[in-house]
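A.B. asks: Here it is: the structure, laid out below.
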Amino acid sequence: MKITFLLTWGDAMGGTEKAAYTQAAHLAPLHEVEVLSIFKTESEPFLTEGKAVTMRYLVDRTGSVPRPVRASTLTDDECLALASQPSELIPPSAEPTFDRLSDFEMAAAISVLDCDILITTTPALMMAMVELAPPRVVTLHQEHRISQLRGPTGEPMLIHAPRLDALVSLTELTTNWFAESLGQSAPLLATIPNAMPEGYKPRSDLETKVVMVAARMMYEKGMDLAIQAFAEICEEHPGWVLRIFGGGPQLNQLRRLVEGLGLHDRVEILGRSRQMSEEWAKASIALMPSRWEAFGLVMLEAFAAGVPVVAFDSLTGPATIVRHEVDGLLVQSDDVSSYAAAMSRLMGDDDLRHAYGKNALEGARERFNAEKISAMWEDLFARLVERRDKPERFSERADRAARRIATGGSRTFAVAAPVSRLSPSNDEQKAREVIIQAQDRNRLIRSGGRVAEVRNDVPAWKMAAINLELAADALEQHGVPYIMLRDTAAIGFRLAVRAEDGQRVLDALADSLAGKPVYGELMSPRVSAPGAVLGERLRNVGEVKGVRVFKPIVSESRTLRYGPAYGCRVEFWSEDEDGWRVSPGSATVAGPRLPDLEATGTLTVGDRQYPSTTAFTGRDLMWDIDFPIDVVYTWVDDTDAAWRARRDAARSAAGLPDTGAEAGDVRFRNRDELRYSLRSLATHAPWVRKIFLVTDDQTPSWLNTEHPDIQVVSHREIFADTSLLPTFNSHAIESQLHRIEGLSEHFLYVNDDVFFGRPLTPGSFFHSNGTSKFYRSPTSIPISEITDDDEGYFVAAKNNRKLLKEAFGRTATHGFLHAPHPLRRSVLEQIAERWPEETGATAANRFRSRNDLSVTSSLHHHFGYLTGQTVPGAISCGYANIADYTHHKMLTRLLTSRHQDVFCIGESAESEVPVDEQDRVLRAFLSAYFPVPSPYER
């Protein structure tokens, strides 16, 4: 069998290159294996493993002019011209190193490849492979990084994976994520870890006082964390040094950190080395401080020398390799002090270090030996080659690619599952999970590495309440006293118990949660590995500072998953020298200490009361927001024939066109966004009192108008002069919102294309003294008079600016984000009273006009600021233009990370995306992000 590996830089020093070389060497005895490198940048490969494999290059970049390695008649000028142009085969966002010259060379080489298996090693190369590989060549992509966290460089994965024959991941967690994200569009998925390099490797005697870390010096590798941790304990261990190998963009930053900590004689930054096997043999402890790590081949290199590892339990690799308290220690991610303590433990205990080192070498040889890993590859290759000439292979591939588009995908968007940041369960826990799942296979599945219940009826706030009830029930059933705490977090509840009752809590949870798919995430475990264990196993986790109880729930679409972020923290509060109780973690609204944990009041969640203390039961703390907050939407249904007739008649009467971009169709287009915006509000802002939907006598067919918290308001109810109706000018409608009967003083104004992306508190929008917040946009208002080319947004902003300059002598320079607008009814009334002529003219404009004001989205914020009634705030806000293919990528990222507080999905008048495709993508995204119906739907 002929096997070709495709690399970007075959002569580079990196984990991907080393893994490919190692794998090629293991397969070479039985197969014809070659490595095809797109670029040649050095005279020879940096890694010695690269010199032992058959290698050929396509583009030589070692000279002053990049040139094809093949015989070519291209002149130097022609090569330079091609190399100066961006690639059309691989977009710069996926990998900027490719260019037009490499496009032509890849097309020439890959399209005529005579091999059985072609293996790509980056998503960018996968893009080229699915386009260029001959039909009979089996296409396989081996993912070497954490696909879930790749960002722009990983976007090709979900887009092009359906056109592969197989997709191989290093860990089960990543494979499961592909399965949930791709669904029926997935090719053959497999999990195959990297193998230990073969051959003689010198072994460390573990007697040197050397702690060693080797990685590319990038933020994700966490070398700064390793230095900080070493600084905490190095004085306790005289003679020990930290030795750092590698190169990269953080080199100078790390050197400055070492100097700043006064560690120049204790930390050695040695750069890159070609003899890493020898260097590992000089070390006694290996560090893996990565903030995230796909697999961590460097840990296998350390194990090959018999060196134990101290690693952060980061996504996804360390827990796959390091066996906690067997061949190394795992520490909760980003907990530098605990990392330092783990390091110190091995530095100070020779017997423990030697025992772990012995286990590391023997265990790695057993679990990751070349023969075992190669057998997994051989089995996969055999299955793929066996069916490569069968007609159904091509038919199934076509169906997979078509299905991705049919279910809402575009050339740059794909529905994706959320990222799980939990390390995988160990084998013993997996076995128990299988038994629990078997109790109800129709309801329980495996998702995000844990057993989860499938439900489509749980909003975020209810998920937190469910977990609170689970924890409280266990404590009350077993007579463990507790109180409920309050803090400023937007989601999740906290219970405090006395530290001396900690084991009673663990016993109670283990008894109450036996046989249930409920987990406990350990807080700062001293002996157990960090991560989450089944609730029934909590009894034996040893010393911890608390546990976060959570029940995993996933939507039917697999695109919404609730995990530990929504859990209930049961914290073990210790007693200080003053007899006060001290939080083991973050502070409460009353601070990190309490005089006692006696229950002197209650807090209510849903229909249930929980014991608490008077420090939390009142709503009179300085920062408590105790006033009602409403929400106002303005909405129009452009598919309503009666409404369109009214609009067209009004435009004709005004001598305006009634079709096309000039008619403003984009601003009125209804894609059911309101339904999903209300879902986002219901799940992420349950504290809202009432919702007012302002319309031109239109009501969505799906809206539950009987719900007591929603009220449809006609334009006729808020316009004092109804002769100005009908109106089709959002500025005019917004100028009258303060006239809504029953509207609270404080409210949010929300367009239906704005969505609440994750749980938020009222404090995100208002201060407890009643002032409202605003969120400045980086977009500036041009310092010029109104021109015919100005969009309506800038026209109104310039009119606002003129009024503000005349009244306050201040010049407005910027607009505001496409976010919910926190407003005060009284401020709007003041604006109407101060500028009655201008606001009246805005209200009288049936269509956007050159004398419009933008009252709610701009003037309110500026006027309120200058009169001391509004203040700047901060919110994480995203914006995606559904009419732009490049913006579709943002939607995939939003689904996987859910990292924005709020986001807006708009549409530009000039569109490269057909309207029907926009509809399909937007609906697919919104239904994936917000699958839980709101109570406002019929």
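The values are calculated or read from the model by the stated rules, or taken from the named source; none is laboratory data. As the structure is a prediction and not an experimental result, all values here were calculated from the model. Heads up, the Cβs are rebuilt from the backbone with ideal geometry, glycines too, and the neighbour counts pull from every protein chain shown.
A.B. asks: Just checking, does segment 205-225 include any residue being outside any helix (DSSP H, G or I), free of Cβ contacts under 8 Å to residues at least 60 places away in the same chain and outside the structural domain of Val307 (by TED's automatic domain parsing)? Before you say what the answer is, go through the steps one by one.
C.D. replies: Initially, segment 205-225 is screened for residues outside any helix (DSSP H, G or I), giving 205-218, 222.
Remaining after also requiring free of Cβ contacts under 8 Å to residues at least 60 places away in the same chain: 205, 217-218.
Among the residues that remain, those that are also outside the structural domain of Val307 (by TED's automatic domain parsing) are: 205.
For segment 205-225, residues outside any helix (DSSP H, G or I), free of Cβ contacts under 8 Å to residues at least 60 places away in the same chain and outside the structural domain of Val307 (by TED's automatic domain parsing): present.
A.B. asks: May I ask you to list the residues in segment 887-910 that are modelled with pLDDT of 95 or more and either of a type in the set (Phe, Trp, Tyr) or over 18 Å from Arg561 (Cα atoms) (or both)?
C.D. replies: Val902, Phe903, Cys904, Ile905
A.B. asks: With the condition being modelled with pLDDT of 95 or more and within 27 Å of Ile436 (Cβ to Cβ), I'd like the strands (runs of 3 or more DSSP E) fully within segment 509-611 carrying at least 2 qualifying residues.
C.D. replies: So the answer is 519-523, 532-534, 546-550, 568-575.
A.B. asks: Answer yes if at least one residue in segment 768-780 is in contact with a Phe, Trp or Tyr (Cβ under 8 Å, 6 or more places away or on another chain), farther than 12 Å from Ser858 by Cα and assigned to a loop (DSSP other than H, G, I, E, B), and no otherwise.
C.D. replies: yes
A.B. asks: Mind checking which pairs have a first residue in segment 60-77 that is farther than 18 Å from Asp11 by Cα and a second that is in a loop (DSSP other than H, G, I, E, B), Cβ under 6 Å, 6 or more apart or different chains?
C.D. replies: Cβ pairs passing all conditions: Asp76/Val65.
A.B. asks: Right, here's the next one. Within segment 234-266, can you find the residues that are out of contact with any Phe, Trp or Tyr (no Cβ under 9 Å at 6 or more places or on another chain) and assigned to a helix (DSSP H, G or I)?
C.D. replies: Glu235, Glu236, Leu251, Asn252, Gln253, Leu254, Arg255, Arg256, Leu257, Val258, Glu259, Gly260
A.B. asks: Scan segment 91-101 residue by residue and report those that are within 32 Å of the chain's Cα centre (by Cα) and in contact (Cβ under 8 Å) with a residue 40 or more places away in the chain.
C.D. replies: Ser93, Ala94, Glu95, Thr97, Phe98
A.B. asks: Do any residues in segment 269-293 that are closer than 20 Å to Thr48 by Cβ have Cβ atoms under 6 Å from those of residues that are modelled with pLDDT of 90 or more and of a type in the set (Phe, Trp, Tyr), where the two are at least six apart or on different chains, and which pairs are they?
C.D. replies: Leu270/Phe245; Ser273/Phe245
A.B. asks: Please pick out the residue among Val434, Val419 that is buried (at least 16 other Cβ atoms within 10 Å of the Cβ) and not assigned by TED's automatic domain parsing to the domain that holds Glu131.
C.D. replies: Val419
A.B. asks: Tell me, please, whether a residue that is modelled with pLDDT of 95 or more and not in a helix (DSSP H, G or I) can be found in segment 171-183.
C.D. replies: no
A.B. asks: I need the full set of residues from segment 741-767 which are among the polar types (S, T, N, Q) and in a strand (DSSP E or B), in order please.
C.D. replies: Answer for segment 741-767, where residues must be among the polar types (S, T, N, Q) and in a strand (DSSP E or B): just Asn751.
A.B. asks: Does segment 478-491 contain at least one residue that is surrounded by fewer than 20 Cβ atoms within 10 Å (Cβ to Cβ) and not in a loop (DSSP other than H, G, I, E, B)?
C.D. replies: no
A.B. asks: Of everything in segment 747-784, what is under 16 Å from Cys904 (Cα atoms), polar (S, T, N, Q) and touching a residue at least 60 places away in the same chain (Cβ under 8 Å)? Give them in sequence order.
C.D. replies: If the condition is that a residue be under 16 Å from Cys904 (Cα atoms), polar (S, T, N, Q) and touching a residue at least 60 places away in the same chain (Cβ under 8 Å), then Asn751 is the only one that fits.
A.B. asks: Only one of these is at negative phi, modelled with pLDDT of 95 or more, among the hydrophobic types (A, V, I, L, M, F, W, C) and surrounded by fewer than 22 Cβ atoms within 10 Å (Cβ to Cβ): Ala355, Ala340, Ala370, Ala286. Name it.
C.D. replies: Ala355
A.B. asks: Among the residues of segment 626-636, write down those that are touching a Ser or Thr at 6+ places or on another chain (Cβ under 7 Å) and surrounded by fewer than 19 Cβ atoms within 10 Å (Cβ to Cβ).
C.D. replies: Answer for segment 626-636, where residues must be touching a Ser or Thr at 6+ places or on another chain (Cβ under 7 Å) and surrounded by fewer than 19 Cβ atoms within 10 Å (Cβ to Cβ): just Pro628.
A.B. asks: Same structure, new question: Based on this model, can you work out whether Val210 counts as at pLDDT 90 or above, in contact with a strand residue (DSSP E or B) (Cβ under 8 Å, 6 or more places away or on another chain) and within 26 Å of Arg387 (Cβ to Cβ)? Show your work before the answer.
C.D. replies: Numbers: at pLDDT 90 or above: yes; in contact with a strand residue (DSSP E or B) (Cβ under 8 Å, 6 or more places away or on another chain): yes; within 26 Å of Arg387 (Cβ to Cβ): no.
No; evaluated as a whole, the condition is false for this residue.
A.B. asks: Only one residue in Asp511, Asp507, Asp473 is surrounded by fewer than 18 Cβ atoms within 10 Å (Cβ to Cβ), in contact (Cβ under 8 Å) with a residue 24 or more places away in the chain and within 26 Å of Phe616 (Cβ to Cβ). Which one?
C.D. replies: Result of the check over Asp511, Asp507, Asp473: Asp473.
A.B. asks: Also, quick follow-up: Can you list residue pairs whose Cβ atoms sit under 6 Å apart, with the first residue in segment 530-559 being over 24 Å from Pro459 (Cα atoms) and the second being of a type in the set (S, T, N, Q)? Count only pairs 6 or more apart in sequence or on different chains.
C.D. replies: Within 6 Å, the pairs are Pro530/Gln332; Gly531/Ser423; Val541/Ser528; Gly542/Ser528; Lys545/Ser524.
Listed here are the residues, each with its yes/no results for (1) within 29 Å of the chain's Cα centre (by Cα); (2) buried (at least 18 other Cβ atoms within 10 Å of the Cβ); (3) over 30 Å from Tyr929 (Cβ atoms); (4) of a type outside the set (Lys, Arg).
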residue: Thr559; (1), (2), (3), (4): yes, yes, no, yes
residue: Tyr562; (1), (2), (3), (4): yes, yes, no, yes
residue: Gly567; (1), (2), (3), (4): yes, yes, no, yes
residue: Glu577; (1), (2), (3), (4): no, no, yes, yes
residue: Arg581; (1), (2), (3), (4): no, yes, yes, no
residue: Ala590; (1), (2), (3), (4): no, no, yes, yes
residue: Arg593; (1), (2), (3), (4): no, no, yes, no
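A.B. asks: Still on this structure: Looking at Glu791, is it over 41 Å from the mean Cα position of the chain (by Cα) and among the acidic types (Asp, Glu)?
C.D. replies: It is false that Glu791 is over 41 Å from the mean Cα position of the chain (by Cα) and among the acidic types (Asp, Glu).
A.B. asks: While we're here: Looking at this structure, is Leu158 outside any helix (DSSP H, G or I) and either in contact with a Leu (Cβ under 8 Å, 6 or more places away or on another chain) or within 26 Å of Pro391 (Cβ to Cβ) (or both)?
C.D. replies: In short, no.
A.B. asks: Could you please let me know if Thr813 is within 26 Å of Ser677 (Cβ to Cβ), surrounded by fewer than 21 Cβ atoms within 10 Å (Cβ to Cβ), polar (S, T, N, Q) and out of contact with any Asp or Glu (no Cβ under 6 Å at 6 or more places or on another chain)?
C.D. replies: No: the conditions fail for Thr813.
A.B. asks: For segment 372-411: of the residues being of a type outside the set (Lys, Arg) and not in a helix (DSSP H, G or I), which is nearest to Ile192 (Cα to Cα)?
C.D. replies: It comes out as Asp389.
A.B. asks: Let me ask you something else. Inside segment 340-393, can you point out the residues that are of a type in the set (D, E, K, R) and touching a Gly at 6+ places or on another chain (Cβ under 8 Å)? Break it down stepwise before answering.
C.D. replies: Applying the first criterion (of a type in the set (D, E, K, R)) to segment 340-393 yields 345, 349-351, 353, 358, 362, 365-367, 371-372, 378-379, 383, 386-390, 392-393.
If the condition is that a residue be of a type in the set (D, E, K, R) and touching a Gly at 6+ places or on another chain (Cβ under 8 Å), then Lys358 is the only one that fits.
A.B. asks: Which residue is farthest from His26 (Cα to Cα), if the candidates are limited to segment 38-75 and must be in a strand (DSSP E or B) and not basic (Lys, Arg)?
C.D. replies: Pro68
A.B. asks: Are any of the residues in segment 859-866 modelled with pLDDT of 95 or more, surrounded by fewer than 22 Cβ atoms within 10 Å (Cβ to Cβ), over 26 Å from Ile786 (Cα atoms) and not charged (D, E, K, R)?
C.D. replies: The answer is no, given that none of the residues of segment 859-866 is modelled with pLDDT of 95 or more, surrounded by fewer than 22 Cβ atoms within 10 Å (Cβ to Cβ), over 26 Å from Ile786 (Cα atoms) and not charged (D, E, K, R).
A.B. asks: For residues that are assigned to a loop (DSSP other than H, G, I, E, B) and either small (Gly, Ala, Ser) or touching a Lys or Arg at 6+ places or on another chain (Cβ under 7 Å) (or both), scanning just segment 89-104, find the one that is nearest to Leu158 (Cα to Cα).
C.D. replies: Looking at residues that are assigned to a loop (DSSP other than H, G, I, E, B) and either small (Gly, Ala, Ser) or touching a Lys or Arg at 6+ places or on another chain (Cβ under 7 Å) (or both), I get Ala94.
A.B. asks: Mind checking which residues of segment 574-602 are touching a residue at least 24 places away in the same chain (Cβ under 8 Å) and either in contact with a helix residue (DSSP H, G or I) (Cβ under 6 Å, 6 or more places away or on another chain) or on the phi > 0 side of the Ramachandran plot (or both)?
C.D. replies: Ser574, Ala590
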